[in-house]
Every structure is written in structure tokens, then in C-alpha cells.
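Step one of this worksheet: look at the structure below.
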Amino acid sequence: MARLILLTPDGPQSIDLRTTNTLGRHPNNSIQLLDKIVSKEHCVIENRDDAWILRDLGSLNGSYVNGERVQGEKLVRHNDEIIFGTLRPGEGLRARFDNLAGASLIPAPPGSSSPLHRSPPLPPASERTSQAPIASRPSGPPRATNTSPQPFSSPVISNVSPALPQVALPQVALPRTTAPAGTRTQFLSGSTRVELMEAARAIGAQIQAKTKGFQAFDAVANDPVQLRTDYERLRLAWELTRTISVERDLDKLLERIIDSLFSFVAADRAVILLRNENGDLEPHAARRRDGSNDSIPLSTTILGHVIRERASVLTHDAAMDFALSKGKSMILNRISSAIVVPLLHEDTVLGAVWLDSASLGQFGPKDLELVTTVSAQAALFIQNSLLSRKVEQEIIMRERFSRLIAPNVAAEVEAGRLEIKKGGVALEHCTVFNSDIRGFTKMSSGIDAASVVDMLNEYFEQMVEVVFRHEGTLDKFMGDGIMAFWGAPKASADDPVRAVRCGLEQLAAVDRFNEQRASVGEPPIAVGIGVHTGPLVVGYVGSSKALSYTVIGDTANQSARLCGVATAGQLIVSSATRRHLGDVFELQELAPVMLKGIAEPVLIYNVLREKNA
């Protein structure tokens, strides 16, 4: 079987020839040659009557056989040298025609450990659209080098349907609508602007990474290639762990991951995107190797494929794969090569890593394997960072909540014996307590602000201690007022009794507080309290960034209105609360009052003292 042996940056590559073979830069060729000076449709190598003919297709820079430019057609024989593009030293793509099965005619470059390998037998032409793209010698910046060179297992070549679902990115998140062809969305990631192409384009030639994973030593003991591959994976994992494992700040962690990727792969630009709560991709880190702030264009078609299929993509020539106008030989937004890899943690897709270069054929299968290995390790650290952030938020929420409820109730919550559910819960019976300082505005008008705040803090400290001692839940401070309730998150049959006892103890605490104030020449304060029992809703209310555990309903409103009726030193309870108190307290029935929102006068009682106290 005749072969074409091409000399590439990753070493010689052997391509089995069919009866007719088209060669050029476009992915529709049966052999794709990724070099800027190679034409889209460069030449044809075909078999005629047991002879092999090279036919140039009018390429701009020409095809050469043994140093002679082909004008029309040229017979090629075993061991002939073929150059596509130019004879200038260091340019053009060199190959050798091999018509002896198994012959190795091109030695590996000095210092290369990459062995010459044969491609697997080709399927019939009717079963495929193109052969594997062949990487050329890159014309861009020097490639990153590794101190331990090794060949990686060849990935599987795949063709992707053009009709891929869109992953649309609005300013910072991907919209779920498809924008018109050519539309771009811009946003900033740090100081780097990222542009996302929202036009649906065929991915074209691309490679999916298929890593074998680690095998038992006995299975690979006699396979030096696999041993080198496994060693390199371990080395990269160790290097990455050493570099980023100590970083807990997510933004700094992502910047360190980009640093690591730039050290492993000769990419010009890098973007790391993470999925938000809605499943859309958001850029969290972006950088250009040259340090400029120019925009970084991304293809949402590629990103959508990577997320949906959980597969890595390597495109050698984005100008051909994503050209805005068919047939134009252009480099789309200076993206010529790209590697896009999903960030996978177990079965969860956390996001994607995007790397690209302005050079054609800049990346090879080994680069894809490297980025896949680094991304797998990075995903673990990203997941740990996200979990750490979530734990920190939960700790903050727990601390905030523990300040609202009695310590014994907080202990039940922390032990998992009492569940606090987000959202509202309707309760049939809840007792709400309101108190405030009478004449506070007039009293504080002649006192400096700092002294007012100090007085309130000292007063609240003593009052809240009483609320917690009676296992109440602190709702909020309202100026000089306090709102608390009994019945949630933990309910007891004697909640109304606890609330009234709390009120009586607070009035006694106010008397002691006034004695302290009198000793330093400060005027006394007077407090009125109102308590009402009834149905309401209790739960978390607010935004995703600031939640409050509170009660909502007419019961809370009536409690506040009873507090407004109470005079200095009075503890007023409604008839609804009175029915739950039994014979525990000595009560004084007062004249019915009109309360806002109630058509009929309301019976109220002044609590004088506890009978057995």
C-alpha cells in the first residue's frame, strides 16, 4: 500500500493513500495540510494504471517533487521527496512518497522520541468526509517545550454536525436565544475583553480527547510509550497541585490555572468560563500572552458542543471551520488554532477552558492531552474552592441566624435536630412581642449621637438577653423598638406564657437600668410593650445576598399597634393571648380600644404580675 509520510512538528506521520487523494488546507480535503502557504485545494495524488500521479490544482505557492515545481502533472515514485508550498528553507510542508509497505524513509528529528507510526486502515470513501488534519510547522511563536518529551496516545477523530445547539452568552452570561449570524457579545473579564461569536457555524475538523486513564503496572510494564504518557500525567498533576492547591480565592485560583496552562502550551490567549446557577457559561478569567487588553473572540458553537458532549475540541484552522463567508481564505479574528476542554468534576460540568493561537496548526494531539490533564486537575481545585465558598456562606448565615434565636434553639439547629427551611411556613398560633421606649425622640434630641447609640446598645443588650432566656426568636430592631416572637422555629404549648414572662422581666430590667442611669445623672427611660397571638407566616425574606428570618401577617401588625396603646411601664396583651395564659398572671381589663384594620373595639388587658412569682 502506498503511503505519504509527512514531517510534522510532532514527528513523521504516515498517511495511507486511497486511489484518489485531495490535499489542501480546507477540511473537506481527504488529507488536510495545515500550513498558511498551502492553498485550500492544493493538489491531487491519484493512482492510474498502477502509477501514482501528483496533479497540482493551480496552487499559489506550488507543489514540488524532488525540488522541481510541478506544472500540471508529475509521476511520483518510491522515495520521492514532495514539498507543498515553497522550497525556501524552513518553510513549506515536506513529505516523502513511500510505495513499499512498512518502509520508514524519514528519520525522526534530532532529539525527538516520537516513533513513526502507521495510521489505521481507512474506511471506504463513502463512510467519511475527510481524513485527519495534518499539523504543519507553525509559523507563530516558538512552541512551549517540556523537559520530559513523550508521545501521547492518538485521540479519536470525529466529524460534528453543523446543527449544534447554541450556547449564547449575554454580557456576562449566555442567553438562551440565538443571535443573528455574525453577532458578537462583548464583556470584560478583569482587564481583558472577551467576544463571543454567536453565529452557528460547523465545527469542521476537530478532535475529541480520549484518554485511557491509568492502568495496572503489569499491563504497561513492556509499553514504554504508555509509561511515558502516565509519567507525564503524574508530573503535570504534581506541578499543578504544587502551584495552585494552596490558593483558596477563586479568582486568584483561576489566574494561577491560566499561568500553568501558558507554561504547558504555546497558546496566545486563554479564557476560563464557569457555569452559573442557571447553567449558563460566565467568563471568570481571561488573559492574552502579550499582556494587551484586546478582545478575545470565542465561538459559542464550540463551547456549546464541549458542554453538551463533555468532550474536548481541537480545531487546527478556525478560518476554514468558522469563516464568515464561504470560500474566503482568512483567519477569523486571528483565531487559527484552538483547544477547548470541559472542566469536569465527576459527572458535573463546571465550565470550560478556552485556548487559542493565531498560528495555523499550533496545537497537536499532545497539547490536547496536556490541556485535558491540566483541566481535570484544575476542576478538582475549582470544585473545592466553590465548596469552600459555599461553606463560608453557610457559616455566615448560621452566625447571623444564631444571633436571632435563643442559644438552646441554635444548638438544636446546629445538631441537625431542628430544620430551618428557606421560604415561608404558615403557622396557626404564633405570639408576637413588640416594645419601644416612650418619648425617645424628645429625650435624644438634647444628647449627642454617640451617647444615644451607646445607650441603645446597652439597653438592647439587656433586653435581648431576656428574650433568649425565655427561648424567644429575635426578629429585628426598629429604631428604639424590639420585635420578637415565639412559636418558630421551635414551638411550645406555653409560648404565650413565655412571651408575657419575657415582657414582665424586661420591665423589671428597665427599672434596674434606670437606677444605673440615675447614678451617673442620666434621665430614666420608660418602655411600653404589646403582645398578640394569632396566625402568620414565618420564614426567610429578602434577596439572595441578604435574608432575614421574620414573621409576616396581621398578627405582627396588631402586636405593634398594642405596643402603641401601652403607656409607660404597661404590658398590654390582646384577648387572643389572654385565652392562652390560663390563671398564671394577674391581669387588669382595660377599656376596649379601636385598632387600625379592625372594625370593632378590641378587648385588651394590662398584665400586672405573675401570681406565683
Review point. Among the residues of the stretch 2-19, is there at least one that is open to solvent by less than 60 Å² (accessible area, probe 1.4 Å), closer than 24 Å to residue 358 by Cα, at pLDDT 90 or above and within 48 Å of the chain's Cα centre (by Cα)?
Key: no
Point to revise | Those residues of the stretch 523-557 which are over 16 Å from residue 500 (Cα atoms), surrounded by 15 or more Cβ atoms within 10 Å (Cβ to Cβ) and touching a helix residue (DSSP H, G or I) at 6+ places or on another chain (Cβ under 7 Å), in sequence order | key: 525, 536, 549
Review point. How many residues are crowded, with 23+ Cβ neighbours inside 10 Å and either modelled with pLDDT under 95 or under 40 Å from the mean Cα position of the chain (by Cα) (or both) when one looks only at the stretch 486-502?
Key: 1
Check your understanding: So which of 267, 311, 286 ends up being outside any strand (DSSP E or B) and surrounded by 23 or more Cβ atoms within 10 Å (Cβ to Cβ)?
Key -> 267
Check your understanding: Just to be sure, is residue 518 over 54 Å from the mean Cα position of the chain (by Cα) and in a strand (DSSP E or B)?
Key -> no
Exercise for review: Inspect all residues belonging to the stretch 569-585 and state whether any of them is more than 26 Å from residue 553 (Cα to Cα), in contact with a strand residue (DSSP E or B) (Cβ under 9 Å, 6 or more places away or on another chain) and among the acidic types (Asp, Glu).
Suggested key: no
Review point. Which residues, taken from the stretch 338-356, are touching a residue at least 60 places away in the same chain (Cβ under 8 Å) and under 10 Å from residue 376 (Cβ atoms)?
Key: 341, 343
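One line per residue, one yes/no per condition, for (1) in contact with a Cys (Cβ under 7 Å, 6 or more places away or on another chain); (2) assigned to a strand (DSSP E or B); (3) modelled with pLDDT of 85 or more:
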site: 290; (1), (2), (3): no, no, yes
site: 297; (1), (2), (3): no, yes, no
site: 302; (1), (2), (3): no, no, no
site: 307; (1), (2), (3): no, no, yes
site: 325; (1), (2), (3): no, no, no
site: 330; (1), (2), (3): no, no, no
Point to revise | Qualifying positions in the stretch 558-599 - open to solvent by 50 Å² or more (accessible area, probe 1.4 Å) and more than 58 Å from the chain's Cα centre (by Cα) | key: 583, 586, 588, 589, 591, 592
Revision key, fill the gap. Looking across the stretch 270-283 at residues that are of a type outside the set (Gly, Ala, Ser) and assigned to a loop (DSSP other than H, G, I, E, B), the single one that is most open to solvent (accessible area, probe 1.4 Å) is 277
**Study point:** Number of positions in the stretch 445-485 that are more than 26 Å from residue 551 (Cβ to Cβ) and open to solvent by 30 Å² or more (accessible area, probe 1.4 Å)
**Key:** 10
Exercise for review: Could you please let me know if residue 75 is among the aliphatic types (A, V, I, L, M), more than 22 Å from residue 363 (Cβ to Cβ) and out of contact with any Pro (no Cβ under 9 Å at 6 or more places or on another chain)?
Suggested key: yes
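The values are calculated or read from the model by the stated rules, or taken from the named source; none is laboratory data. Small disclaimer: the values here were computed from a predicted structure and weren't measured. Neighbour counts run over all protein chains shown; Cβ positions are idealised from the backbone, glycine included. All accessible areas refer to the heavy atoms of the entire protein, side chains included, with ligands and DNA or RNA removed. Shrake-Rupley method; radii C 1.70, N 1.55, O 1.52, S 1.80 Å.
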